[in-house]
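Beneath this line is the structure, given in structure tokens, with notes to follow.
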Amino acid sequence: MRAAILSSVLLFASAALAEIPDSDARNTSIRHTDMVYSLPDYTAEEWKQRSAFLRKQVLFSAGLLPMPDKTPLDPLVGEVIEHEDYSVVSVLLQTYPGYYLGGNLYRPIGKSKPFPAVVSPHGHWRYGRFENSELNSVPGRAISLARQGYVVFAYDMVGWNDTMQTPHGFAGPREELWLFGSLGLQLWNSIRVVDYLESLPDVDSSRIGVTGASGGGTQAFLLAAVDDRIGYSAPVNMVSFQMQGGSRCENAPLLRIDTNNVEISAAFAPKPQLLVAATGDWTVNVPTREFPAVQRIYALLDAKSNVEWRQFDSPHNYHQDSREAVYQFFGKHILGDAESAHFAERSSRPDQLSALLYLWGRPLPEGAVSHEELVRQRIAAAEADTLALAIEDAGSLANARSAFHERLALALLAEVPAPGAVEAKAISGADLAIGRSGVGDRVPARFLNADSRKGRPVLFVHAGGVDAAAQSAVGEALARGAAPTLLIDAFQTGSAATERDIAAVGRNAERYYHVFNRSDDANRVQDILTAAAFLRSHTGSDSISLVASGRAGLWALLAGSLDSGIGAIVADLDNFDAANDAAYAESLFIPGLRRAGDFRAAAALTSEHARLLLYNAHSAFPTPWLEAAFEASGRLGELSVPAEVPPASDILEWIAR
């Protein structure tokens, strides 16, 4: 009975006292690149679902979901240099229109075709794909693999050698909103390298492997996780629980929220994978921690023998011992040759840079784009993906809902808690704190009319928090009304606001904050979902009304798009310019939100289940998308966008219908 709402909450709170922390873990347990992570235990079915999600998370964070159009590579090929048992040639690939990736193609001589192929990214050594030192020789491994019978493509990281059109580690708020950055560009380049290798008539496309070290190791396991054409993987000195990558080319917003490199590398299971490690870097614990964790995943898929490890007493490297371990592993699985002695590395001498650099003495091809032009091109392409989902009828609406739900869920990484998955404890009087079981979040809240039996429950969120909500005209009207009403301090608002010194948490913690942690605005959306689930559960209602004032109206509209248990939404749109990237960066910063379709996505999703009353709409707000979505769903009468701000009495009357 709703008359017992508050008392039932308090009884529940006493039983769940330990579940709600005194401090929100999202402020006190900030994740970063140098934390020590672990891998949860999974059942086979759980891992099947988890690995499928991880692939989408990696692709979306890289700006590759949906996958961009694969335009012609139009390879530009230099003069072939032939040696006794291998050849090498410089190549320029047009991976995006006007954007060029440089590399070298190594081929066997005197071997039988077709050949298996190896994708060979380099790491952060000084000379990139031409590094030839005792600790790492990129040409040395390419030459050795070619001699063993592989076609090898060794290619640049962005901003290195021939690949000069962007800086190596570029990022900014606008790029993060659209998810275009150096990690995504490198992953795309790797995918296009596989396309190139597949196109070669002497390559056996059923036998393609990837290997790289350090930053090249990151590229290797990311490519292996998302590209099904990769059949064999050997990431070197990078799969670690205790260091996740120190460059922007290894860190993209959303990439490692609730995950880490070890789990991403495990997504390659059950295909053959070798983890190579060193005692002198962050892979020191691979034999005792990382490898057993990955092997547990392989065991779930009855492929325990398909993952191996090798470790060498060495600093960070891809030296001869490490290379020979990879040759032996690939030889066993790709060539069917388990004789280690066949893969001892012979000495080699790389050719002159003037012969290996395609752009040595040559300008970039005509039509090559600048960095700024490339950013504009990719944002325009992402915008075209959204416009392609424009709503015209019931069929296009269903298609838009499916695509937008996946993208928006990946941008927010928010959950609609299951019934009973939200705990509460009493603070004083009508004040309480709520949070998700086992998560460690803490959302201060206050009940109004807690003992009322009348009306649909209302969740009221104010950008200023509980006190600002209670003192507003809408809050006062709700207090005088009959409906049970919950007010909350969404993340970092009201009493939940607290100072944080993110930079002091660890190396690069502030620089890569959104790689590992949800943004403040994404957390506010989550708090609304958490509070809505709590309110439904503890009032016995299937559906609630959501009212939001100020900037909280934007959070509410996003939350309501994911939660079908929110049946009516009254949202102050705060005159937000929804077509302006700068407005998002300043007032609603959620990486990937623009890539996901922003409020056009919300329009398609809310039209399925919610009545909407929206006010203070900027002229650029996508009201036409809302109208098209509601009309296509046969619910146009459930949408109201008045030109004037409605008085509190009208808002209460509207939600009471």
When the chain is fully extended, how far beyond the present Cα-Cα distance does LEU636 get from SER347, taking 0.36 nm per residue of separation? 96.6 nm
For region 487-550, just list the percent of Cα-Cα distances falling in each 10 Å bin from zero outward, please. 18, 39, 26, 13, 3
Under the 7 Å Cα-to-Cβ spin-label approximation, LYS111 and GLN377 lie apart by a distance in nanometres of 3.4 nm
Could you state the angle between the C-alpha long axis of helix 138-148 and the longest principal axis of the C-alpha atoms of the chain, as a value from 0 to 90 degrees rounded to the nearest 10? 60 degrees
Out-of-range pairs (alpha-carbon distance over 19 Å; input LYS56/LYS332; LYS48/LYS304; LYS56/LYS304): LYS56/LYS332; LYS56/LYS304
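Taking 25 Å as R0, compute the FRET efficiency from the Cβ-Cβ separation of THR279 and GLU510 and round it to 0.05. Before the final figure, lay out the partial values.
Numbers: r = 31 Å, r/R0 = 1.23.
Here the calculated transfer efficiency is 0.25.
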Given the options GLN57, PRO72, LEU408, identify the residue whose Cα lies farthest towards the positive end of the charge dipole of the chain (+1 on Cβ of Lys, Arg; -1 on Cβ of Asp, Glu). GLN57
Expressed in nm to one decimal, what extension gain is obtained for the pair ALA503 and ASP85 from 0.36 nm per residue of sequence separation less their Cα-Cα distance? 145.2 nm
Looking at the chain only, what percent of DSSP beta bridges run antiparallel? Nearest 5 please. 45 percent
On average, how much accessible surface per residue is there in region 501-625, in Å², for a 1.4 Å probe, leaving out ligands, DNA and RNA? 25 Å²
Per residue, how much accessible area does region 272-344 show when a 1.4 Å probe rolls over the protein heavy atoms, in square angstrom? 42 Å²
Within the chain, what whole-number % of the accessible surface is contributed by carbon and sulfur, with the 1.4 Å probe and all protein chains included in the calculation? 49 percent
FRET efficiency for GLU586 and GLU476, using Cβ-Cβ distance with R0 set to 25 Å, rounded to 0.05: 0.25
Among HIS122, GLY592, ASN261, which residue has its Cα positioned farthest towards the positive end of the charge dipole of the chain, with +1 placed on the Cβ of Lys and Arg, -1 on the Cβ of Asp and Glu, and the dipole taken about the Cα centre? ASN261
How big is the dipole moment of the chain about its Cα centre under a simple scheme where the beta carbon of each Lys and Arg is +1, that of each Asp and Glu is -1, and everything else is neutral? Debye, nearest 20, please. 860 debye
Normalised by the number of residues in region 280-332, what is the relative contact order in percent for Cα pairs under 8 Å and 6+ residues apart? 36 percent
The chain - mean residue ellipticity at 222 nm from DSSP helices (-39,500 (n - 2.57) per run, n ≥ 4, rounded to 500): -10500 deg cm²/dmol
Over region 20-153, what is the mean sequence separation of C-alpha contacts under 8 Å (at least six apart), divided by residue count, expressed as relative contact order in percent? 17 percent
Test of understanding: what is the full-extension gain from ASP302 to LEU135, defined as 0.36 nm times their sequence separation minus their Cα-Cα distance? 56.5 nm
Under 5 Å, built H, 5+ apart or other chain: amide partners of THR163: GLY102
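Once you have the alpha carbon radius of gyration of the chain, what is it after dividing by 2.2 N^0.38 Å, with N set to its residue count?
The reported ratio for this selection is 1.06.
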Which value in nm describes the separation of the simple spin-label points at GLN49 and ALA579, placed 7 Å from the Cα toward the beta carbon? 4.1 nm
Residue-wise HN-Hα coupling along region 294-311, computed from phi with Karplus coefficients 6.51, -1.76, 1.60 (Hz; x: Gly, Pro): 5, 5, 4, 5, 4, 5, 4, 9, 6, 9, 4, 6, 7, 10, 9, 9, 9, 10
Could you report region 10-127's accessible area per residue, 1.4 Å probe, as an integer in Å²? 47 Å²
By average C-beta atoms within 10 angstrom, highest first, the peptides 354-360, 499-505, 231-237, 606-612: 231-237, 606-612, 354-360, 499-505
Once the mean of 1/r over all distinct C-alpha pairs in region 436-523 is inverted, the Kirkwood radius in Å reads 14.9 Å
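The values are calculated or read from the model by the stated rules, or taken from the named source; none is laboratory data. Since we're looking at a predicted model, the values are computed, not measured. Positions of Cβ are generated from backbone atoms using ideal geometry, with glycine treated the same way; all protein chains shown enter the neighbour counts. Just the protein is used for accessible areas: all its heavy atoms, side chains included, with ligands, DNA and RNA removed. Shrake-Rupley method; radii C 1.70, N 1.55, O 1.52, S 1.80 Å.
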